[in-house]
Structure formats: structure tokens, C-alpha cells
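Bear in mind these aren't lab numbers, they're just calculated from the coordinates by the rules spelled out. All of these numbers come straight from a predicted model, not from anything done at the bench. Please note: Cβ atoms are built from the backbone with ideal geometry, for glycine as well, and neighbour counts cover all protein chains shown.
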Amino acid sequence: MTDPVVRNGKKVLCVEDERFISELYARALTKAGYDIVVEPDGQRALEVAQTNNFDIILLDLMIPTITGFEVLSKLRDTTVTPQLKAKIIITTNLEQREEIRKSIEDQADGYLVKAEITPRELVEFLSHLDT
């Protein structure tokens, strides 16, 4: 018999179109007590994020329909998305020029390179966010 999952009350929107990665994240975060919703489509993810029902948004930059760059910009624009409470963590393997990465980091609450972080390290990182 497995131990029941103890919920921590935090809701995570994982915007990730790579099924293998989203499954890894979902499994690790669920095991750690997070409620997680996975959305692979950029436009749909923006709409879901704008419901303001999440504490954390894990946002990949290269996603279908609209990019993570566009989603981030619209979530940070208070005329488009007023009073967003979620912390936005960029998750990407895309190599960025320094000035582009700096611009993204200025808008986000965290920036993680997927190839450099395990699901367990992701859980540890999120546990230290002040949400």
C-alpha cells in the first residue's frame, strides 16, 4: 500500500508540450503534494493562467500556437491580465543570448534550464518559492 499524498494546497499550471517532460513534472509535483494542470498549447495556457487559479506557472518558451515569450508578456501586462498572483517560472532548453535571457528573467520569477534540473530538483526549487 502506498502512502497517501499530502496536499500542500499549491496549484501549478505546467505549460509544456513535450509529453515526456510534462509527465515527469506532473508525477514529481503530485507526489510532493501539488495540484497540477498540464497544458501543452500556448493560447489555451494563457486563457487557463488568466483564471488566476494557480500559485505557480511553469512556462516553456517553445510551445504551439503562441510562444511562451508571448504568454509571459501577456501575463505580465496588467491591462491584459490584471492582478496575476502566480509566480512564473520559465522552463526551457532554448539557448538565449544574454540580453534576451535577462529580459525574460526580469519578467519572470525564476528561470530553469530543463536539461540541468531533475524533477526532484524542480520540486525543491518550487518549495522555496514564496507564494
| note | Excluding residues fewer than 8 positions from K11 in its own chain, the lysines with Cα under 24 Å of it are K31, K74, K85, K87, K114
| message | Just to be sure I understand the model, the point goes 7 Å from the Cα along the line to the Cβ. What's the resulting D109 to R76 distance in nm? | response | 1.4
| Among 113-122, 97-106, the order from most to least packed when residues are scored by Cβ within 10 Å on average | 113-122, 97-106
| Which value, in Å to one decimal place, does the Kirkwood hydrodynamic radius take for the chain when every pair of different Cα atoms is included? | 14.8
| field | Folded to 0 to 90 degrees: helix 98-107 orientation relative to the chain principal axis, Cα | value | 70
